[in-house]
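The values are calculated or read from the model by the stated rules, or taken from the named source; none is laboratory data. No experiment lies behind these values; they were computed from the predicted model shown. Cβ: placed from backbone, ideal geometry, glycine included. Neighbour counts: every protein chain shown.
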Amino acid sequence: MKSLLFSRQAIRRLSLSSPKISRNIPAATSSLPHSDLHLKTYNEPIRPPISSLTRHFHSTRESRLSTAIHEEEAAEDNEDDGTTNEFLSRFVWIMRGKVTEAFPDSDKKMVDGMLLLIVEKVVEEIERGGFSNKVGGGAGSSPPPSPSSEFSDDLWATIWEVSNTVLKDMEKERKKEKMKKYVQSPEVMEMCRFAGEIGIRGDLLRELRFKWAREKMEEAEFYEGLEQMRDLDTSIRESETVEGEGEESVESDEAQPPRSISLPKRKGKFKYKIYGLELSDPKWGEVADKIHEAEEEADWSEAKPVTGKCKLVVEKLEGLEEKDDPSGLIAEWVELLEPQRVDWVALLDHLRDVNTSAYLKVAELVLDDKSFKASISDYSKLINFHAKENHTQDVERILKKMSQNGIFPDISIATALIHMYSKSGNLERATEAFESLKSYGLRPDKKIYTSMIMGYVNAGKPKLGERLIREMETRDIKCSDEVYMGMLRAFAQVGDADGAAGIFTSMQLEFKDTNCYEAYSLLVEAYGRAGKADSAKINFDQMRTRGFKPDDKCIANMIRAYKRENSLDKALRLLLKLEKEEIEIGVVTYTVLVDWMANLGLIEEAEQLLVKISQLGEAPPFELQVSLCYMYSTARNEKKTLQALGVLEAKKDQMGPNEFEKVITGLKMGGFEKDARRMFKHMEARKFLPSDRLKIDMGASPSFASGLSGRMRR
């Protein structure tokens, strides 16, 4: 530490007060450099000890010493005396150690005299105001120069450093005492109680408690500052009002408005939004009240401990298999534990983690137990679980139990039902759930719309799905590209060219540039199945101008369009053009050509195409056998007809109504009456409806006719 340097006149003052001290001063100052000894006379008598500092010296936020000057009259208060005494006691204690370290040969009276001069000068500088802007500054501020020649710069820097240390320690003690008040405040204790209930313990709870107390203290200090600003503003207004009444000149009427440092007042109501919700609406106040009421009614008690026989029963429940019935074990568990709702919830949570099958069975059983007090949320959880697994029968059983107990499905249950029924293809129930959702006054979201649309797509009813897409467009809800492609694929399969064109146009408006090969290919397929060869050719050419190379399926759809119009010359020109461009034709296209040749009765040309199919080395599609059976049966080639018919009968489950119609018609035309009757029975077994002409030709059986009439009535 830098040495503490006193001038000769300061030592002289010490000698006047104590002869004994003066005998020791030469020895204490003999080691000081000559340049640091100041030779000024000093005849001023020793001043008595200064009174205590003011209260603002301790209590202001920045702990500035200059505030003591403005409240000299309050220095006589006991509280202020205590603050001053605390500061001087701390200051003298630290300075005594530093002085003793600098002057190890000086005795106690000599050190006391030095400390008396230091304290006297410090308080003198405080009263003069020259010390206020220096002590209490930041840690990085430089020490001020010595205000008097009595003390060296090193001594004054030490005094400045010690004063700052004392003030910081006093501020820490003040905040510590203030923090104790807020740590024990009711708000903080209530928050700690809640944190303990939800499982927060130990160091984390202690840390949160001090954090909440500090926040409460800062909030209180903030409002105290606002109160001080308001009082200051009020005093300024009053002083300016008094001054204004005393003035008689005209200038007093045009005086500047009174200076105000108060916060501006807000005009109007608070308006704020979170995620698009207008939370300033009064209805959210009602929602908050309902939430608080639900919290008050909630049961916050803990579950009873499961021990002894009750624990053995729980272990048996954990080991249940899917075929086992848990009702007996549940009855025994209820008798042993006498559970409340919290005990049931604990049991269900445990079973859900260890045995899902047992959980589902027990959860459904307890819905009827009075001690469980089942609510709509309990039914909703169970239905959602079953709906995700497509357990339709389980869901319908729980819904029936709900209606028996007088509980109606909410939006969560309706949404789960829509997803489940749409996925399973039960459009009637899905539509019913969809309409019930609207009846609640709620608008379906994108996920619900998507589930319904894909349900219609899978059921082969794209027109109903298109209606929902138009409804989404009116609500500015965008469809995903998967939904558009599913709809386009469904329209192509049923041969609805207008519907496919409408979906394709919507895709172009939605995604601006529909540069997708599959979309163009499906559009060509839709026009091909509808028999609109010119429109199919336009889209086929547009696809090629976009740089896409048509595959075998797309070429086959184009040939199918020409086949519907019987434009063989256009089909041949297209095939020759593709061959020149080195685009290969595959099995699918050859299959369409074989069917075309079979319808025209060109057996040799069809067999040449069969040779080309065999050369490709790929397995021929199932539709090829239908065409061959029709061709050979109409040509009365019994051997090849029976050969193709045997393949079809072996795979009759893959045949649709159109395939059955064509095969039976060909057999009838070729004179294979028994075989035609047998295939017609297969068609009846599959419950396909024959055309009117086929019914007349075959003479539908009574059982089939009665079944048909029943279905028509439904």
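Across segment 372-387, the qualifying residues are those that are in a helix (DSSP H, G or I) and out of contact with any Asp or Glu (no Cβ under 8 Å at 6 or more places or on another chain), and the one among them that is surrounded by the fewest Cβ atoms within 10 Å (Cβ to Cβ) is Ser377. Checked against (1) touching a Phe, Trp or Tyr at 6+ places or on another chain (Cβ under 9 Å); (2) buried (at least 22 other Cβ atoms within 10 Å of the Cβ); (3) of a type in the set (Phe, Trp, Tyr), Tyr590 passes all but condition (1). Only one entry of Val362, Val334, Val342 meets the criterion of being among the hydrophobic types (A, V, I, L, M, F, W, C), assigned to a helix (DSSP H, G or I) and closer than 28 Å to His419 by Cβ, and that entry is Val362.
Would you mind finding the one in Lys463, Lys447 that is assigned by TED's automatic domain parsing to the domain that holds Gly499, exposed (fewer than 13 other Cβ atoms within 10 Å of the Cβ) and either under 23 Å from Leu488 (Cα atoms) or not hydroxyl-bearing (Ser, Thr, Tyr) (or both)? If you could, list the steps in order and put the result at the bottom.
On the way: Lys463 fails: exposed (fewer than 13 other Cβ atoms within 10 Å of the Cβ).
Going through Lys463, Lys447 in turn, the sole match is Lys447.
Counting only helices (runs of 4 or more DSSP H) wholly contained in segment 614-703, the ones carrying 1 or more residues that are of a type in the set (Val, Ile, Thr) occupy 622-634, 638-650, 657-670, 692-698. Condition first: surrounded by 11 or more Cβ atoms within 10 Å (Cβ to Cβ) and among the β-branched types (Val, Ile, Thr). Now tell me which residues in segment 182-231 satisfy that. Residues satisfying the conditions are Val183, Val188, Ile200.
For Asn390, work out the one condition from (1) in a helix (DSSP H, G or I); (2) exposed (fewer than 15 other Cβ atoms within 10 Å of the Cβ); (3) of a type outside the set (A, V, I, L, M, F, W, C) it doesn't fulfil. Of (1) in a helix (DSSP H, G or I); (2) exposed (fewer than 15 other Cβ atoms within 10 Å of the Cβ); (3) of a type outside the set (A, V, I, L, M, F, W, C), only one is false for Asn390: (1).
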